[in-house]
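Accompanying notes for the structure given below.
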Amino acid sequence: MKVNIITNSKKEKPSKKEYGIIQKTICLEENIKEIDFETFVDLVGNNGAIWKSSFMEGGAKNINFKCAYMLSLDFDNGISIKDFLENSKDLGLEPTFIYETFSSTDDFNRFRAIWKLKVPIEIAQLKTALQLMLMEVFSDCDKNCKDLSRLWVGGKNVAFYNPMNTLNIENLRNSTINSINMNSTNDNNARNIKSFCKKIGINIYNKHPFIIKNDLKIDGFWAKPNNI
């Protein structure tokens with residue numbers, strides 16, 4: 001996959017001034033790397049590399065979005081990695097990997113969760129829609145995660161990694177519906193789901209967010225990658 005990524009030799013959170021410089025340079029050709037996911041996990045999770053969850057080309061603004069190979073959430077509000085993993089597993093949405101940020105402690109976990117996609121997303125609106133669905137399901141996350149061009153700082157430790165895990169779109173859809181219903185302050189669940197889908201730009205079918213799952217033939221075998 002192609003990633004905008006810069007090594008972090010200091011292995012610490014950049015200063016505000018450094019952030020500005022990184023934003024201007026991370027989309028330059030020399031900072032676009034074509035790497036496998038395992039290498040990415042090590043660079044970001046163990047070595048603090050600074051990266052973008054969307055592949056951007058030509059600049060760091062949202063209009064420069066090319067594609068996305070993953071979705072990411074940031075947790076700084078005190079939920080433990082253990083509780084998050086148990087919850088995500090119960091929902092069928094266990095992430096591909098989790099890394100602890102530089103400010104994380106044993107008593108107060110701060111971490112990022114990343115879900116690898118089976119098929120890269122090439123439509124900015126779709127990436128944003130899925131991101132907002134994840135944020136609806138895992139409401140303890142940082143609310144600033146939705147920006148396509150968000151800059152992410154790597155961490156000090158890979159706390160969890162299962163390379164077989166990819167984002168299951170059907171489970172995400174079902175968990176989103178359940179979350180909206182549970183958090184509704186009125187009894188009109190259908191209207192609340194319709195309002196949410198309008199906000200994220202997803203059609204409604206039979207009172208639910210509409211997805212189509214494509215069947216793909218890979219190496220002679222039929223696979224179901226939960227493609228939208």
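Quick notes on this one:
- For region 136-159, a residue qualifies if it is open to solvent by 20 Å² or more (accessible area, probe 1.4 Å), under 18 Å from L85 (Cα atoms) and out of contact with any Ser or Thr (no Cβ under 9 Å at 6 or more places or on another chain), and the qualifying residues are D140, D142, V158.
- Every residue from region 84-118 that is charged (D, E, K, R) and out of contact with any helix residue (DSSP H, G or I) (no Cβ under 7 Å at 6 or more places or on another chain): E86, K89, D90, E100, D106, D107, R110, R112, K118
- Residue list for region 62-78, restricted to those being open to solvent by 10 Å² or more (accessible area, probe 1.4 Å) and within 12 Å of the chain's Cα centre (by Cα): Y69
- Close pairs (6 angstrom Cβ cut-off, 6 or more residues apart or separate chains): within 17 Å of S175 (Cα to Cα) and open to solvent by less than 20 Å² (accessible area, probe 1.4 Å) in region 80-107, part of a loop (DSSP other than H, G, I, E, B) and of a type in the set (D, E) anywhere: S88/E94
- Counted residues, region 7-34 - those being over 15 Å from F65 (Cα atoms), assigned to a helix (DSSP H, G or I) and touching a residue at least 40 places away in the same chain (Cβ under 8 Å): 2
- Counted residues, region 193-202 - those being free of Cβ contacts under 8 Å to residues at least 40 places away in the same chain and open to solvent by 40 Å² or more (accessible area, probe 1.4 Å): 3
- Matching option when the condition is under 30 Å from F210 (Cβ atoms) and at pLDDT below 95, among L134, L148, L93, L117: L148
- Restricting attention to region 114-127, the residues that are over 10 Å from the mean Cα position of the chain (by Cα), under 11 Å from L71 (Cα atoms) and not in a strand (DSSP E or B) add up to 0.
- Whichever residue in region 172-228 is modelled with pLDDT of 75 or more and of a type in the set (G, A, S) and, among such residues, is nearest to K127 (Cα to Cα): G201
- Complete set of residues in region 1-39 that are of a type in the set (G, A, S) and open to solvent by 100 Å² or more (accessible area, probe 1.4 Å): S9
- Evaluation of I63 against (1) among the β-branched types (V, I, T); (2) in a strand (DSSP E or B); (3) closer than 20 Å to L130 by Cβ (one fails), failing number: (2)
The values are calculated or read from the model by the stated rules, or taken from the named source; none is laboratory data. On a predicted model such as this, the values are computed, not experimentally measured, just so you know. When we count neighbours, we look across all protein chains shown, and the Cβ atoms used for this are built from the backbone with ideal geometry, even at glycine. All accessible areas refer to the heavy atoms of the entire protein, side chains included, with ligands and DNA or RNA removed. Shrake-Rupley method; radii C 1.70, N 1.55, O 1.52, S 1.80 Å.
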